[in-house]
Every structure is written in C-alpha cells, then in structure tokens.
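The values are calculated or read from the model by the stated rules, or taken from the named source; none is laboratory data. In this text, all values refer to a predicted model and were calculated from it rather than measured experimentally. Glycine also receives a Cβ, built like all others from the backbone with ideal geometry; neighbour counts cover every protein chain displayed. To get the accessible areas, we keep the full protein, side chains included, count just its heavy atoms, and leave off ligands, DNA and RNA. Shrake-Rupley method; radii C 1.70, N 1.55, O 1.52, S 1.80 Å.
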Amino acid sequence: MIKHTNIGELNASLSDILKSIAYLLPEIFLVLAFLLLIIADLALKQRRGSILPVIACGGLLLSFGFLVAQWIQFNGIKVQELASVPLFSGMLSLDSYGIFFKILFCLSGILAVFFSLNYSKIHNNYPLNRTGEYYTVLLGIVIGSMFMAMSSHLLSIYLSIETVSICSYVLTFFHFDRKGTEASMKYILFGGVASGLMLYGISLLYGFTGTLDINSPGFLQSTGNTDGLLVIGVLLTIGGFLFKMAAVPFHIWAPDVYEGAPIPAVAIFSVAPKIAAVAVLTRFLSATHAFDLSVGSVNINWQVVVAVIAGATLVIGNFAALWQNNAKRLMAYSSIAHSGFILVGVLAYSELGMYSVVFYVTVYLFMNFGAFLLIKMIYQETGFENISDYKGLGVQYPFIGVMAVIVMISLVGLPPTAGFTAKLLIFSALWETYQQTGESYLFYLLIFGLFNTVISLFYYLKIPFYMYFKNAETVEETNRYSYREENKGIANKTTVINFPLWEKILAIGLIFPLLFLFFKTDWLMNFISHILFIF
C-alpha cells in the first residue's frame, strides 16, 4: 500500500514538472541560446563577431514572442480561470504581473546586444561582440531576472538573485583592466555580504514559519508573530532586494561598478536586476503582511521603515550626483535616486501605487538605456567619459544634442516626456494613500520627493548645458575629436565624428516612447490595467 502511494506521488510530481515546463518555454529558449553560444564560441574560429550576436538576439526574440503569446493567453480568458499558475510545486508562480516584467527583461537583453555590437575598450580595442562568454553571461542576467519575477518561494528567490548577481560580477570585469578588476572585486565583496545577510534572514523566516513558500497559509499566519527575531529576518531578507535595487544602505557598490564596467553591461544591470528586485519585493511585502508586524507592545509600521529608506535613497542619490563629472558615475547616483522614487510607489501600497510603479519602471527602461546609449556613442567615437569634455558637442552634432535634452529632461521628470507622467503617477499614488490614512510622514515624504526632483535638475541638465553653452576654449579642445585616428597613429586632428546610422535609429527607438507615452499615457496604462495584482 505504501509502495503504491509512493508511486502515485511520484507520478503526480512528474506530471507537475511536465506541466510546469510547458509554461517555461521563454526561459527554455534562452537556455538553449546560452548553450548554443558556448558551442559556437568553441567551434567557430572566424566570423564569431557576426554570428554570436545573432544567436543571442535570436534567443531573446524567440523568448519575447512566447512571452507575448503567454500575455495574450492570460488576458484573453476569464480571470477566474487562469489568475496564477503555480509551477514546480509552488517554487514559481506565473501570472500576468510576472509576464509583464519578463517582457521588459527580454527587451533589456535585446537592447544590450545592440549596444554591444561595435563597442570596444579604448585602451586595448577589445571588442565585446567577439567574445562568446560575454553574451552567455548577458543571457544569464536575463534568465535570472525572469525567474526572480516568477519566484514565490524563498529558495527560488535566493537562487535567482544569486544568478543575476554572479553574472553581473563577471560582466563588470569585461574591460579587462585595473579599474574593471577593482570594480568587480568591490561588487563581489558587497554582494557577498548582502547575500549572506539575506540568507540568514531567510533561515530565520523558515525557523518561525516552517515553510519557504511565501504564498502558503502557514507563512502568512506565522509572519504575524510578535517575536523580534522574525522582524530581523524580514529586514535582512528585504536587504537582499535593496542590494539589487542599489537602494540605501546597500548602494555603495554602484558608483565604482558603473564607472569600471563596459557601458553595455552597465546599461542592462542598471535596469533588469533593479526591475526584477521591484517585482520580488512587492510580492514579499504582500506575502508577509509586513505592515502589520509588531514586537511585543511596540508596533512596527513598515510604511515608516520604507519611507525612511526611500527618503535616504533619494537624498544620497541626488545630492551625491551633483558633484560628479564622470558620466557613468553620475548615472550610478541617478540609478540610486530612481530607486528611491520606485520605493515611494511601493510605499503607497495601493492599486494606483502598483500601477504607477509598473509604469515608472517601464519608462525607466527607455530613459536609462537612452542615457547610456548617449554616453556610449560619445565614448565609442571620442573616448570621453567626463561631462566637462562634452563642450560644444550639441552644437557640432545636433542629433546628439537633441537626444541629450530629451533623455535628460525625462530623467528629471519634466514635460513633455513620459518621465514627467511617471513621477506624477508616483506622487499621486502617495497623495492618495496620505488622504486615506492621514499619516503625516507620507505628506512630508511627498514634499521631500518634490524637492529632490528639483535638485536633480542641476545635474541632469549639466550634460545639455556643456553641450550647448560651453564652447571649446583652446585649439586642442576645438580639434579634439580624433580618437580613432590617434589610435591608428595618424596625426591629423580634424576628424569629424560620423555616428553609425543604426545607432541613430536605435536612439530614435528609445526616444520615441518617452514622447509618445506623455501624450498617450492611457495606452500604456490600459495595457498595465490587465495585470492582476493577486498578491
């Protein structure tokens, strides 16, 4: 009898695995592309530079197509029939929320591949597109991010975060110079500490709840416990999410890593892991009912805790960015500041708050990739990383100047760009929550957020300011656009920069949504409204 029962359980487990695999076709195609890249890199001696990007982009496009099909499947039927599908005995949970985020990750991967096509390291002219390892690690970040968005089990959450982290550590090193090595080591050290703290927090949660499934009834009931160690467990676990978001106090790694890593690599791990961390953070906060926890007679208001973290992240990110001259370091502190704004939307903890967060991260993808494409185009042709070297570029090259203005005012949050709409929705959600609860700290955070938006004007608009209002003061600066000829040993210093046509098309593709979504906000909001926030 026992033997038959075990066979029945085994058959049920196998059936569950087979059903789960059917829902993981997007990830399976990425894994196949991952393996094919390794084989192609080993087998091909010639033309690797043209074949490897095609394999990576092909896998991402196939995955993107299956994700679109899943989105149609989940939103083309009644919600009651397919709200959420548990996979692998509850390790993962597939719903419209996760699918939307996975679409963003695939899009990030595709953009990163295009960013890498002609990128080379200035000092040793090291082309990324000739390296199979580079694209495999790039796909690893996308795969890990996709599993983060689906994870509803603390073990799968931890493993997916570590997958993204390890791939990010490796990508940081791909300049193969001293600065890249130093940045990679710092990233590993800070990541190891954050990982250890998170793992210890997970162990505490498991000790109190007896389960790692955040959706199980036992986990939901046990997190109402008033023991102080449970609160510490929740805090330490959340710390792992904050590390991937580059939020205070786990933000210290960002400036050095952004400066030392290749621009295409920075572009993707400044977007995909951050968005994935937002997805898993919202699931975790809802599952733990964290806002209702208390320690003994002391009530722990988690909205206050998140408000303090959001406020600190805003002020450190914005004020530190004011003093930056290196464009990539400026974008690092910009990324920190945007994590603060995202946390404000999470703090609102309402339907409008969730919609505003999803809208914000979608727009953030286009803004951030647009900014890094701008930096990459200038860096690729001139070797300039410092903003003070951008003098006169906007006048001599109007396309670059216009692109800089649109992207930067969108990052600030000014009309007529979608960045304005994104911040307006975040602040509207916070105001709505303040009106419903009457908590004064929400009002103070709103004012503080608006003040930080004003502060960001001074460093974002510094780039267009140098491009248009700062002229070259010496003959050397006037004729300084000669990076490629200098590397070839040519003395002529009158070179004119010719940005590739495909890069201009890609830039237009990133700028267009920033303008379109300002005038047609309802288009994306209607799309987001199909997401069922079941957690």
Quick check, is F448 modelled with pLDDT of 90 or more and under 25 Å from the mean Cα position of the chain (by Cα)? yes
Exclusive hit being of a type outside the set (A, V, I, L, M, F, W, C), open to solvent by less than 60 Å² (accessible area, probe 1.4 Å) and at pLDDT 90 or above, set Y483, Y459: Y459
Residues of region 126-144 satisfying the condition of being assigned to a helix (DSSP H, G or I) and open to solvent by 10 Å² or more (accessible area, probe 1.4 Å): N129, R130, E133, T136, V137, I143
Region 350-413: helices (runs of 4 or more DSSP H) wholly inside it with 3 or more residues that are open to solvent by less than 30 Å² (accessible area, probe 1.4 Å) and under 19 Å from N318 (Cβ atoms) are 351-382, 398-412
The listed residue being over 21 Å from the mean Cα position of the chain (by Cα) and more than 22 Å from N301 (Cβ to Cβ), out of V454, V412, V407: V454
Enumeration of residues in region 233-282 that are assigned to a loop (DSSP other than H, G, I, E, B) and either open to solvent by less than 10 Å² (accessible area, probe 1.4 Å) or under 19 Å from F372 (Cα atoms) (or both): A246, A247, W253, A261, P262, S270, V271
If I filter region 166-185 for residues that are within 23 Å of L229 (Cβ to Cβ) and in a helix (DSSP H, G or I), do I get at least one hit? no
Failed condition for V306, given (1) β-branched (V, I, T); (2) open to solvent by 10 Å² or more (accessible area, probe 1.4 Å); (3) in contact (Cβ under 8 Å) with a residue 60 or more places away in the chain, with all others met? (3)
Counted residues in region 417-467 being on the phi > 0 side of the Ramachandran plot and part of a helix (DSSP H, G or I) come to 0
Within 24 Å of G132 (Cβ to Cβ) and modelled with pLDDT under 85: does that describe Q46? yes
Which of the residues spanning region 145-186 are open to solvent by 30 Å² or more (accessible area, probe 1.4 Å) and aliphatic (A, V, I, L, M)? L155, L159, I166, V170, M185
